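The values are calculated or read from the model by the stated rules, or taken from the named source; none is laboratory data. For clarity, every value in this text was computed on a predicted model and none was experimentally measured. Every residue, glycine as well, gets a Cβ built from its backbone with ideal geometry; the counts of neighbours run over all protein chains shown.
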Amino acid sequence: MFAFIVRRLLLMIPTTVGIALVVFTLYHAAPGDPATVMIGMGSADMEGNADREARITAFRTEHGLDRSLMVQFLAYIGPFNLLRDGHSWFSSPYGERTLREVQLDDGGLIVEGVALPIAALASTDEELAASLAGLAQSLRKGDGDVDALGATLAKAGEDALAPLLTQLHEALVDAQFYEAGIRNISGLLTRLTAHELDLPEEYLAAEGPAAIVRQWFGWYYSAGGGRRVQNTGTRPWAGLLALDLGREMQRKTPVFPELLRRLSVSVPLSLVAILVSYLIAVPLGIFSARRRGTKLDGFATIIVFVLYSVPTFWAGLMLILAFGVTGPDWWWWPRLPFLGLHDKDAALMGTWEYMWDTAKHAILPVVTLTYASFAYLSRQMRAGLLDVVSQDYIRTARAKGVSERVVIYKHALRNALIPVITLFASVLPLLIGGSIIVETVFDIQGMGKYAFEGLLRRDYYVIMATTIMVGVMTQFGILISDVAYSLADPRIRHD
């Protein structure tokens, strides 16, 4: 049995990667752009607006959405981080620039980059990059001693290229400073590149603001700077295999800790609901099977089919109306809280008072999660027991004079439990991942609500994490079912 469990646990790794591939493919095949959803704009609103297009481009670059699908998938799986701060074994493309055509005064057209901040080279320290950016801005505006600023930036060498090029672009759109700014910055760039970076002669001959920008940016991105830079190595490990599920695209918070927090809410509720479902379904199924064809069996059948047919959201709302503030005004009628899992003053409560408050808040959500599943499970238990009691070995036991109680509970029950145990593999993930409606109705911050919110925002990392977690829960449910088979029937072996 131990070897079987180890094999199944190891098999979960490639299976989970396969689930991630399916979810990843469906996500990218679905219509809509997560960048436009995150920024809160539709594609129609962005036409002709360079600033909005720049924000979209910056967002896609930040989250690696501008890369090929294969690279995006490998980056998500890990264990190597392939982004700019990732493992130094890999490099990243420059994605900070988009192109547009600009018409010159003489009627000619040139292609230049949209004015976006140019990312510092991977080897540049963040603090140094911020300092250089400030110096370059002062140089463009002519604030302070221009010669001293230029000398300080020249000492930085190649690290000063990114802020200088950014300010060169800013000078073009700043009518007040562009002449002096271009003169100051281009002169420093010439000294830097001519003496240290072996800039080709044609880049030194550019005349006019637009030509200067075109030449310098052309060198930085292709001839000299290259289209790729080595990753910094500050965060080498990431991805699913490194238990790093990324950061939410909107709030920038890590997904994995938030997912664990949400699971700590959903899992206890679901396990209690499963336990209650089986505690009700198994005895009810046995009761119906033993009284097959009687009025009690017919009455139980009608009740469970009605419960199974009631929509979850309607049942939750009816429970709120019945046991909330709008319930009957009878002194003996219970009033139960129905928003969240804790009172607003729960942090000030003692241990036992806190536990009692949590239990009261959980009653209505657990009932809503339980009623449909126990109705279905009881029907399966009834059908399984009726099938077993019609077999030859049960008839033989009865012919030997064994009491009906012993026949049912000793000989028939174990085999009748097999179909119900099989259903555990699907009930567990359904209750944990499919509790969106219940968590929304009762305002519970669980995993189901987290998945729904991520879907509305088209948050890539949240959708991937929650869907993969449901897949992992399904695999664990199947494993628990297989182990329970052997406990219910010792004849079943997993060798």
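Of note:
- Subset of the range 450-459 (residues that are surrounded by fewer than 23 Cβ atoms within 10 Å (Cβ to Cβ) and either part of a helix (DSSP H, G or I) or at pLDDT 85 or above (or both)): Phe452, Glu453, Gly454, Leu455, Leu456, Arg457
- Once the range 350-382 is narrowed to residues that are of a type in the set (Ser, Thr, Tyr) and without any contact (Cβ under 8 Å) to a residue 24 or more places away in the chain, the residue that is nearest to Thr312 (Cα to Cα) is Thr358.
- Pairs, first part of a loop (DSSP other than H, G, I, E, B) in the range 236-257, second acidic (Asp, Glu), C-beta under 8 Å, six or more apart: Ala238/Asp244; Glu248/Glu258; Glu248/Asp459; Met249/Asp459; Gln250/Asp459
Let's see how each residue does on (1) of a type outside the set (Lys, Arg); (2) over 36 Å from the mean Cα position of the chain (by Cα); (3) farther than 30 Å from Ile418 by Cβ:
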| residue | (1), (2), (3) |
| --- | --- |
| His342 | yes, no, yes |
| Trp356 | yes, no, yes |
| Ala359 | yes, no, yes |
| Ala372 | yes, no, no |
| Ser378 | yes, no, no |
| Asp392 | yes, yes, no |
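- Ser288 fulfils the conditions (1) within 34 Å of the chain's Cα centre (by Cα); (2) assigned to a helix (DSSP H, G or I); (3) crowded, with 16+ Cβ neighbours inside 10 Å except for a single criterion, (1).
- Residues located in the range 377-415, provided they are assigned to a helix (DSSP H, G or I), closer than 17 Å to Arg292 by Cα and of a type in the set (Ser, Thr, Tyr): Ser378, Tyr409
- Filtering the range 325-355 to residues that are out of contact with any His (no Cβ under 8 Å at 6 or more places or on another chain), part of a helix (DSSP H, G or I) and surrounded by 12 or more Cβ atoms within 10 Å (Cβ to Cβ) leaves Ala346, Glu353.
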